């Protein structure tokens with residue numbers, strides 16, 4: 001039986017590209033949903049549905065025409081700049097719920113967008129149902145291990161992320177020698193790591209006490225289908241350039257794009273990657 | 001009766017200078033405790049006790065010699081770089097409690113330092129007991145008023161600060177059009193405001209929906225004697241330079257250094273200052 005067509009809502013980063021590769025390799029029929037304003041330079045000859053945030057009616061009609069009834073959200077997307085004059089009838093129907101949500105945190109917005117798709121009869125598929133092994137199990141994956149001081153920073157980081165997850169702002173922080181050098185906000189992980197790297201020299205004693213760790217963990221009760229914390233080779237490079245010791249993620253719930261390349265890069269740059277069981281950080 | 005000598009633990013900013021002025025004007029005997037490594041360019045001919053973090057014994061002896069039994073903590077202080085070879089007997093006695101606290105948040109560290117002073121028989125005086133009216137009551141203090149969109153950002157900011165206060169990281173954030181553009185961490189408010197100002201252009205729609213607000217509030221259950229959120233003229237200038245709309249603080253618990261100069265500066269630069277009752281933000 002032919003598998004149903006998969007619609008890939010494509011945002012920034014390599015995740016949608018990996019899903020496209022997977023679909024090609026496994027003969028899965030797919031369409032890429034390309035929202036206006038999202039920069040996707042890799043589209044080439046791929047099957048694309050062009051969409052506007054203001055016109056969900058047209059998008060749902062196109063998806064139904066293609067027989068796409070499954071949708072995967074892949075890659076970060078900025079809050080769209082909306083032109084109210086372009087709203088179609090469907091948008092106007094959901095506007096009273098959607099527009100206030102856009103002024104809340106990311107989660108609130110994404111949950112409502114997911115609800116809208118579901119109400120239209122689409123099934124939302126989590127990325128890890130498509131890309132097996134994208135989540136990282138517990139362990140240290142690099143030649144370098146976190147030091148005892150690094151591990152204290154890791155635990156402080158997870159403690160902070162657990163608390164702030166209720167505020168729906170970000171999923172990452174940088175801790176060095178017990179000091180919080182930054183919390184992820186809308187600018188994302190790379191901006192956070194650079195900010196922490198530039199300012200840390202003013203606050204750290206002897207770096208043998210810990211050069212700083214970038215810690216990433218999903219928000220509590222996060223919907224795994226629509227906003228999953230993600231790291232990749234670029235994250236690893238940025239961590240090393242900022243002069244941090246390594247990366248710590250919560251096991252089995254942070255996705256790592258191209259895991260082998262991440263580990264190789266970390267080994268070349270002399271930083272660690274550790275994945276900590278949620279039993280130990282909650 | 002002669003008032004007892006007041007010891008001013010002086011950190012960065014104008015707050016210790018204001019307390020010195022107050023003491024001079026009111027004939028209050030005082031000593032400035034100048035910890036090694038803290039940059040106090042304004043000391044001139046003032047009465048100073050030079051102190052090292054590693055040698056509390058010497059400090060307590062000097063304070064007792066001067067008859068100082070009241071201490072005020074004024075101005076931000078970085079976590080000290082400690083040389084364990086210099087620890088005196090008193091430090092060694094408290095080290096098992098103090099050193100682990102230095103790896104937690106600011107509050108934990110400060111609470112333990114306050115406890116140490118209290119155990120030695122010193123009374124810790126809150127700055128607002130000395131500088132009356134340093135806290136700002138409810139109201140809007142500028143010609144410019146926050147817009148309806150600014151007020152939504154203000155409320156979102158206080159909501160976030162209430163949640164993250166349990167993580168003991170910072171006391172401020174920047175919100176624009178519902179998006180969190182930054183959370184205060186160890187680098188302080190000015191670094192936060194600059195970071196938010198530089199990155200906000202990538203995320204904001206039409207600026208008439210709100211240019212962003214800097215929001216400051218004490219952590220919940222914060223000890224008002226030792227770590228009080230503070231704003232001053234420099235904060236106002238930085239907010240304006242970053243292109244934000246204004247400043248919102250929680251009423252009656254954020255200290256404003258040189259209030260009239262702050263309000264004049266805000267009026268000149270076209271930003272608002274609003275102080276919101278805690279009834280409305282909790």
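Laid out as a table, the results:
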read-out: Most mobile listed residue (B:242, B:74, B:95) in chain B, GNM with C-alpha springs under 10 Å; value: B:95
read-out: Dimensions (Å) - the stretch B:17-59, Cα atoms, principal axes, largest first; value: 33, 21, 15
read-out: Solvent-free Debye scattering, log10 I(q)/I(0), computed from the Cα coordinates of the protein assembly as shown at q = 0.12 Å⁻¹; value: -1.19
read-out: For B:111, B:44, order by how many other beta-carbon atoms lie within 10 Å, fewest first; value: B:44, B:111
read-out: Residue A:129-residue A:78 FRET efficiency (beta carbon distance; Förster radius 25 Å; 0.05 resolution); value: 0.45
read-out: log10 of Debye I(q)/I(0), alpha-carbon scatterers only, for the stretch B:76-128 at 0.19 Å⁻¹; value: -0.74
read-out: Shielding of B:60-66 by partner chains, average beta-carbon count, 10 Å; value: 0
read-out: Pair residue B:241, residue A:95: separation of 7 Å Cα→Cβ label points (nm); value: 4.1
read-out: With 5 Å bins from 0: P(r) over the stretch A:5-130, alpha-carbon pairs, percent; value: 2, 10, 21, 25, 22, 12, 5, 2, 0
read-out: Rounded tilt (10° steps) of B:56-66 against the dominant C-alpha axis of chain B; value: 80
read-out: Förster-model FRET efficiency, 30 Å R0, residue A:198 and residue A:12, C-beta, rounded to 0.05; value: 0.85
read-out: In degrees, nearest ten, helix B:89-101 long axis to first principal axis of chain B (Cα); value: 20
read-out: Per-residue mean of C-beta atoms belonging to partner chains within 10 Å, peptide A:186-196; value: 4
read-out: Calculated SAXS-style log₁₀ I(q)/I(0) at q = 0.16 Å⁻¹ - the stretch A:139-281, Debye, Cα scatterers; value: -0.75
read-out: Rounded to 10°, Cα long-axis angle of helix B:188-199 versus longest principal axis of chain B; value: 30
read-out: Residue with peak Gaussian network fluctuation, chain B [Cα springs, cutoff 10 Å], from B:271, B:186, B:239; value: B:186
read-out: Per-residue [θ]222 nm for chain A (sum of -39500 (n - 2.57) over DSSP H runs n ≥ 4, rounded to 500); value: -11000 deg cm²/dmol
read-out: Cα coordinate range in chain B, projected on the principal axes (Å, largest first); value: 61, 41, 34
read-out: Relative contact order of chain A, defined on C-alpha pairs under 8 angstrom at six or more residues apart (%); value: 17
read-out: Shielding by partners - mean other protein chain Cβ count within 10 Å, residues of A:170-177; value: 2
read-out: Gaussian network model of chain A, springs between alpha carbon atoms under 10 Å - residue of A:260, A:145, A:202 with greatest fluctuation; value: A:202
read-out: Efficiency of FRET between residue A:21 and residue A:277 - r from beta-carbon atoms, R0 30 angstrom, step 0.05; value: 0.50
read-out: Antiparallel %, DSSP beta bridges [both residues in chain A], to 5; value: 30
read-out: Additional length obtainable on full extension of the chain from residue A:41 to residue A:138, 0.36 nm per residue less Cα span; value: 31.5 nm
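Where a number appears in this text, it was derived from the coordinates with a stated rule and is not lab data. Every value quoted in this text rests on a predicted model; they were computed, and no experiment measured them. Note: ideal-geometry Cβ built from the backbone for every residue, glycine included; neighbour counts use all protein chains shown.
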